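In what follows, a structure is listed as structure tokens, so that the remarks can point back to it.
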Amino acid sequence: MMKLLPKIRATLAVKLYSYGLSQKEIAKLLEVSQAEISNYLRAKRGKLLNIRIIDEIAKEIYETKRSLSEVLCKYCPKIINLV
């Protein structure tokens, strides 16, 4: 799971940015620095994942404004089964 986390964050950053959130807001929700979000959005860090579960996680984070750590555990079994 730890090897997947940068990819999950990168994909979520792109999704949340497409919802209109600022880099600062995304950084707070994903519990990383704004500079890291900038790197994710410029594709300098983390490769993107193309799995439906990431869309669900992004939607939940966006709608509830809960952090990644608050939301991720709910989805861990689904993510692990995909890998």
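If you take the residues of segment 45-69 that are at pLDDT 85 or above, part of a helix (DSSP H, G or I) and more than 12 Å from the chain's Cα centre (by Cα), which of them is surrounded by the most Cβ atoms within 10 Å (Cβ to Cβ)? Ranking the candidates gives Thr64 first. Tell me, which residue of segment 1-39 that is of a type in the set (A, V, I, L, M), assigned to a loop (DSSP other than H, G, I, E, B) and modelled with pLDDT under 95 is surrounded by the fewest Cβ atoms within 10 Å (Cβ to Cβ)? Checked segment 1-39; the qualifying residue surrounded by the fewest Cβ atoms within 10 Å (Cβ to Cβ) is Met2.
The values are calculated or read from the model by the stated rules, or taken from the named source; none is laboratory data. In this text the structure is predicted, and so the values were computed from the model without any measurement. We place every Cβ from the backbone using ideal geometry, glycine too, and count neighbours over all the protein chains shown.
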